[in-house]
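Here, each number is a calculation from the coordinates, and none is a lab measurement. The structure displayed is predicted, hence computed values, not measured ones. Virtual Cβ from ideal backbone geometry, glycine too; neighbours counted across all protein chains shown.
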Amino acid sequence: MPGPIRLGEPHALAILDSALDAVITIDHLGRILEFNLAAEWTFGYPREEVLGHELAEVVIPPDHRDAHRHALTRWTEAGPGPGAGTLLGRRIEVQAMRSDGSPFPAELAISRVDLPGPPLFTACIRDVSDRRDAEDRLRSAEFRYRTLVEQLPLITYVDSSADPFSKAHYVSPQIESVLGYTVEEWLRTPSVFSSSIHEDDRERVLAEREAVYARGGTLRCEYRIRSKSGAVVWLEDQSVVVDPPDGGSAFRQGFAIDVTERKRAEEALRRAENRYRTLVEQLPLSVYVDRVDVESSNIYTSPQIESMLGYPADEWVSNPALFVDTLHSDDRERVLAAHARTHATGEPLHIEYRLLADDGRVVWVRDEARLIPDQDGGEPVLQGYLLDVTPEKEAEQQLRHQAFHDPLTGLANRALFTDRVEHALVVHGPADEDVAVVFLDLDDFKAVNDSLGHLAGDGLLRAVGERLRNALSPSHTIARFGGDEFAVLVEEVEGGSAAVDVAAHLISTLQEPFDVNGREFFVTASVGIAVANDAEELLRSADVAMYRAKAAGKSQYVVYAPRMDDDVVGRLELVSDLRRARVDEEFVVHYQPTVELATGALVGVEALVRWRHPTRGLVPPMEFIPLAEETGRIVEIGRWVLNEACRQAAEWRSSLPGAETMQVSVNVSPRQVRRPGLVDEVRAALADSGLPASALTLEITESVLARRRDEMTSILEEVTELGLQLALDDFGTGYSSLSLLHNLPVHTLKIDRSFIRNVDAAERLVFVRAIVDLARALGLPVVAEGIELPEQAAELLRLGCRLGQGFYYARPLAVPDLETLVLADPESPLPDGGAVRVRRPRWAA
């Protein structure tokens, strides 16, 4: 096909495109040279597609094409001027054809343009289909405009009744204020509606329109659409099918309202509600809204109620009686009365009560609420929350229990026991003797703590508490006062006599061994009994009687008598004197010889402290040593004894004939070992006295290692590195083990006097033999303490014990007496100066 022939001037093309009618320029052969925009709209062809093509083939129906060709030939041959043909310059109606082949009536005007060469022709074509139907369209327009008021704040439109995707027939001018498109742009732009629908809504909206249009139903739809500027606008779109009264074609008439502000408000409300709901549902409580009725029936309950009580939230709404049913029977009347009072008076509700959970648990809740009036004049509601305060209540109960009970044994403590005593005295009357107190103190319990540590001691105390509880009836109040002290309140006729029976029963009950973590313990108790009409006096008197029982030999009971108060006062005075005592002035050191059993030869001495009281005279060690331990003065006293013993031993080694190898032993208390500085104190004592370290032996008990064993062992190893010896005192009475002997730097074992006292008895004999054999196996010398009879010395020698000490050989002696003993003739008896006669007072070679 030959290429297009163009006019070529740009301004000419612009003029043609501005024309409202279709303008087509052709050559003398009928080929299209120009095709303006109106022609594109009219015939549906793009300009580029038709240029160069024959006009007849493009826009004229087939049955009119030959007539067009013949007319074109005549116009060309007629030449310029008025005689160019009867049709030139006139407007006539012809049949034209669109690109889809559909014919339509058109008004045609043809002009001839004579230029050098063959002439050109310009055809102005106007679609007159609408004009032919003008009257019908006028009537339809009048009908539409009567029903659509363009002044309304909405967009009115007319669509095809069947095709949801066709162009709108009409859209009101409000389209521009709402979406920014002019009416012409909206109507002429292909697919402008569907492409403007928000991408998230497009599929839904088009599908809904298609379905509604197909069935001819009413469209009601909300969706987002983008304006010409890209802004998102919410539309509420409604349309119906309209059948014109004159029988014309049905159409769909509708309106679209801009509901953007409403949607924003709804979204803001939804977000606020979501925030509120999220906040409510994240709170550690359950929010509720109840009706103001007898049952406080539920309108809303937040989901937390299910985790709290096991009932889902919807069950509270569906079952109006559930709240009343779950109220604890002991609280129901009180709670319903409180709710009724709030309903009646409007005062805020604040109450704590118990609810029964679905699984039977008792849940304590705090209920706080207030009446909220209805703003529309309806019934008010009760709005509040339930907070689970069960842990708080349990903590309160635990605190109350802890305030009045011993945490270790669960028994009553001193405060509760005292309260019970006071209450009993009020009930029975001050002159009545039906109220008694039994006071128990475990004997030698400190040895358990010192030897095995507080964990074992606590286990034993728990076991004792449990046995006491099981041994007595619930009518007795049993308490632990702390440490190893227990008390029992007896409220019976002739309480004193009943208390004696209780005491005897408890002493008997405690004789059975205790099993604590696989270890067997034997426990005895000293028991005091008192009857009085004052609580404080009753407890004090029972305590005094208990100390009397302990002083009388332990594992027995004593009934209080007024004279016992003198002993208590004496003990308190002794403690006071001990605290004030000047160690270097009031204390002295006596020395008890250690001998070779086979020969009686002295091999060393043990330094033993004595208190020379200003008014009481010489106080026995058993009276003041425990008090010194309790008050802590044992540290200062022990340091002084160590210095004095080293000084005296060094003096004897240099001045007494044959005493150059004399050994001295000094007892070291657990307090001295556990506090810092022992190594420095020993080093200083040796340096100041000049005594060789090899001449000094420190005696310790197993209780030193009861706590912080590794640390204590390390300290003792550091002490022995100075060159001195370490003896394990009172061996057999504690809780020694092979690992202890293996790990501890021990050089000597000292058998406790309790084994020596009845060494000839079969049971004791076995123990002593075992200790001697163990020491021999470990390569350790053994020293037997408390030898008082020659038969004991002989039996020990037979068992293989080489060394010993005791009254049979010599009592602890003052320095002059010991020097007399050392210097005496071996065959001459000593004067009876408090020492048993020694037959062979020579130092062992």
Could you give the alpha-carbon Rg of segment 431-487 over 2.2 N^0.38 Å, rounded to two decimals?
1.33
By per-residue mean of other Cβ atoms within 10 Å, what is the highest-first order of 102-115, 48-61?
48-61, 102-115
Of all DSSP beta bridges in segment 456-557, antiparallel share, percent nearest 5:
90
Degrees between helix 332-345 axis and first principal axis of the chain (Cα, 0 to 90, nearest 10):
50
Sorted peptide list for 459-468, 582-591, criterion being average Cβ within 10 angstrom, highest first:
459-468, 582-591
If you fit an axis through the alpha-carbon atoms of helix 634-655 and take the longest principal axis of the Cα set of the chain, what angle between them do you get, 0 to 90°, nearest 10?
40
Percentage relative contact order, segment 162-311, counting C-alpha pairs under 8 Å, at least six apart:
14
If one takes the longest principal axis of the Cα atoms in the chain, at what angle in degrees, from 0 to 90 and to the nearest 10, does the Cα axis of helix 390-404 lie?
10
Per 10 angstrom bin, beginning at 0 and ending with the bin that holds the maximum distance, the Cα pairs of segment 177-324 fall in percents of 9, 24, 20, 15, 17, 11, 3, 0
With Rg from the Cα atoms and Rh as the Kirkwood inverse mean 1/r over Cα pairs, segment 377-508 has an Rg/Rh of 1.22
Mind computing the radius of gyration and Dmax over the alpha-carbon atoms of the chain? Å is fine for both.
60.0, 189
Taking the Cα centre of segment 259-311 as the origin and placing charges on Cβ (Lys, Arg +1; Asp, Glu -1), which of Pro303, Val259, Leu269 is farthest toward the positive end of the dipole?
Val259
Just the Kirkwood number for segment 268-329, please: inverse of mean 1/r across all distinct Cα pairs, in Å, one decimal.
12.5
Charges on Cβ only, +1 for Lys and Arg, -1 for Asp and Glu, centred on the Cα centroid of the chain; of Ile771, Leu489, Leu452, which one is farthest towards the dipole's positive end?
Ile771
So what's Rg/Rh here for segment 524-682, counting alpha carbon atoms and using the Kirkwood radius for Rh?
1.10
Ranking request for peptides 596-604, 651-659: highest mean number of other beta-carbon atoms within 10 Å first, then the rest in descending order.
596-604, 651-659
With only Lys, Arg, Asp and Glu charged, each at its Cβ (+1 for the first two, -1 for the last two), find how big the charge dipole of the chain is about the Cα centre; round to the nearest 20 debye.
1860
From DSSP H assignment alone, runs of 4+ in the chain each adding -39500 (n - 2.57), the sum over residues rounded to the nearest 500 puts [θ] at 222 nm at -12500 deg cm²/dmol
